[in-house]
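In what follows, a structure is listed as structure tokens, so that the remarks can point back to it.
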Amino acid sequence: MLKKICVCLCVVMLIIFPINVSAEGLKLAPNASSSILIEASTKQVLYANNEKQKLFPASTTKIMTMILMFEAINKGKLKWDDVLTCSAYAASMGESQVYLEEGE
């Protein structure tokens, strides 16, 4: 019974005194020229630094590699502990690349 009263009291306290989450005053990425932290479900901006500054994206090749890797893991084609090596075909690609040699 005491446990139920404590839980109810905690719920009432959270409703009466809501907790605001904010990253104001923090330097989350001090060396970044621009950054933003957004809470996913509410889309609330928690932290922003030069968020409207237009910049080139980070290495899109590396990001795409990660996306493809996570998709393959989700489909069961790869496991988290699999070791992959770069093929001759992948190493021969021009333009944007990860700069891996064959067999690395």
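The values are calculated or read from the model by the stated rules, or taken from the named source; none is laboratory data. Please read all numbers here as calculations on a predicted model, not as lab measurements. Neighbour counts run over all protein chains shown; Cβ positions are idealised from the backbone, glycine included. Side chains included, ligands, DNA and RNA excluded: accessible areas come from the protein's heavy atoms. Shrake-Rupley method; radii C 1.70, N 1.55, O 1.52, S 1.80 Å.
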> Given the conditions (1) modelled with pLDDT of 85 or more; (2) in contact with a Phe, Trp or Tyr (Cβ under 9 Å, 6 or more places away or on another chain); (3) of a type outside the set (D, E, K, R), and given that residue 22 satisfies all but one, which numbered condition is not satisfied?
Replying inline: (1)
>> Scan region 92-101 and tell me whether some residue there is open to solvent by less than 80 Å² (accessible area, probe 1.4 Å), part of a helix (DSSP H, G or I) and not basic (Lys, Arg).
In response: no
>> Tally up the residues in region 49-91 that are within 26 Å of residue 34 (Cα to Cα) and in a loop (DSSP other than H, G, I, E, B), please.
In response: 10
> Identify, please: which residue in region 69-91 is of a type outside the set (Ser, Thr, Tyr) and open to solvent by 90 Å² or more (accessible area, probe 1.4 Å) and is, among those, modelled with the lowest pLDDT?
Replying inline: 84
> outside any helix (DSSP H, G or I) and of a type in the set (Val, Ile, Thr): does that describe residue 36?
Replying inline: yes
>> Looking at the structure I just gave you, is residue 38 surrounded by 10 or more Cβ atoms within 10 Å (Cβ to Cβ), of a type in the set (A, V, I, L, M, F, W, C) and at pLDDT 85 or above?
In response: yes
